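The values are calculated or read from the model by the stated rules, or taken from the named source; none is laboratory data. Computed from a predicted structure; not experimentally measured. Cβ: placed from backbone, ideal geometry, glycine included. Neighbour counts: every protein chain shown.
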Amino acid sequence: MSAPAVGRATGVLPLIELGTPVLGEPEKAALAEVIDSGWLTMGERVRRFEREFATLHGVEDAVAVGSATAALLLALAAHDIGPGDEVLVPSMSFVATASVVYHVGATPVFVDVEAPDRPHLSLADARARLTARTRAVIVMHFGGYAMDVPAWREFADEHGLVLVEDAAHVAGLAGHTGVASHAAAFSFFTNKNMTTAEGGMVIVPDEGRRERVRRMRSHGMTTSTLDRDRGRAVGYDVVDVGHNFRMDELRGALGLVQIARLPGWNDTRRALTAHYRDVLARELPSVTVPFARAHPTTAHILPVLLPPGTDRRAVMASLREARIQSSMHYPPIHEFDVYRRRHPGTVPLTLPNTEAFAAAELTLPLHPLLAPEDVERVVRTLAEAMAAGTS
């Protein structure tokens, strides 16, 4: 399904994309309905999307926002994390996981991952980095593989910390996220398992904190534009210093269509991941997939670890020549220039497991439009690239 027939007919190898959104006529119809309605900003579709997302994850309610970055920032702000506070964060994540800490006025403290082949935040290293100023910890479900959130909640409660999940990779993983933490932030960016183009969601179990997130996403106002337009409220007060982090009706409409298909897409991703594991074990055993086969996952991406000495750039170039996209998740945040400048120190920060993982990781294509034969072509091409002297 990932290969257009015209590509096969002309002899040109079809492009195997790293990830691609699944969009079609239902999404077009949903967007047209919003335009015809005349109401484009945050309204009843967004509210329905929030409720359906909450139901899917087995929680009471959720709050839709403009991005996962906004979701993370609001999760911290609603729990009063701010100047003078330190927040334990992974370096093996997208940069937003750390940048939101600065945006609320706090300081990120980078924590290593468990092992070079298990890129989850290390509880032992987190303990070692605690100080009297530590107020919160953000854990990240790398690649869609579920963190042991109950263990982290025990750690957080022991030390009086706020526990926030960066759940950008795990939409639809019910029972594993949003239920044991103080807050969980999800992403609907274009490359995620479901998409609203841009967009995010916040799950906060505490009703008071959740309503604060709801107010803060819209300038700290006590009533919405829709409520005033429909005559359900007259005027408003401003009770928090908030932001314009709202989700619009167009994205809410997309979310309603996509969320209905998310469980099936996640099943397809898991099946494709299992096929990758089988083919790699048979054809290229020197390349391994992190985490155990049975680890709960949404299979957001397909990370593999290349053997020592592999020239990753050359491998990626060979894949690209064969019309196969690849990537790397992620460059460690603590090695970015701005973070080195903000944390100069006399000795540069080193996170050995994070750095070892980052040096070996390669992300291969994974999305619901792939077929098993696409997986086999990817592995075959990877094997050819490595055998041709690129390692």
For residue 242, all conditions in the list (1) farther than 25 Å from residue 38 by Cα; (2) at pLDDT 95 or above; (3) surrounded by fewer than 23 Cβ atoms within 10 Å (Cβ to Cβ) hold save one; what is the number of the exception? (2)
Please return the ranges of helices (runs of 4 or more DSSP H) entirely within region 272-381 where 2 or more residues are under 30 Å from residue 124 (Cα atoms), more than 24 Å from the chain's Cα centre (by Cα) and not assigned by TED's automatic domain parsing to the domain that holds residue 192. 337-342
Using beta carbons and a limit of 9 Å, which pairs, at least six apart or on different chains, have the first residue in region 316-335 and on the phi > 0 side of the Ramachandran plot and the second one of a type in the set (Val, Ile, Thr)? 323/12; 323/16
Could you give me the residue pairs with C-beta distances under 8 Å whose first residue belongs to region 220-246 and is β-branched (Val, Ile, Thr), whose second residue is at pLDDT below 70 and outside any loop (DSSP other than H, G, I, E, B) wherever it lies, and which are 6+ apart or on separate chains? 234/228
Only one of these is surrounded by 23 or more Cβ atoms within 10 Å (Cβ to Cβ), in contact with a Pro (Cβ under 7 Å, 6 or more places away or on another chain), assigned by TED's automatic domain parsing to the domain that holds residue 182 and within 21 Å of residue 170 (Cα to Cα): 98, 68. Name it. 98
Looking at 175, 160, which is the one that is surrounded by fewer than 22 Cβ atoms within 10 Å (Cβ to Cβ), closer than 30 Å to residue 23 by Cα and over 15 Å from the mean Cα position of the chain (by Cα)? 175
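Of these, 51, 8, which one is part of a helix (DSSP H, G or I) and at pLDDT below 90?
The unique qualifying residue is 8.
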Checked pairs for region 299-314, first more than 12 Å from residue 382 (Cβ to Cβ), second part of a strand (DSSP E or B), C-beta under 7 Å and 6 or more apart or across chains, list as 301/363; 303/361; 303/363; 305/288; 305/361
Name the residues in region 295-341 that are of a type in the set (Lys, Arg), surrounded by fewer than 16 Cβ atoms within 10 Å (Cβ to Cβ) and under 22 Å from residue 367 (Cβ atoms), would you? 320
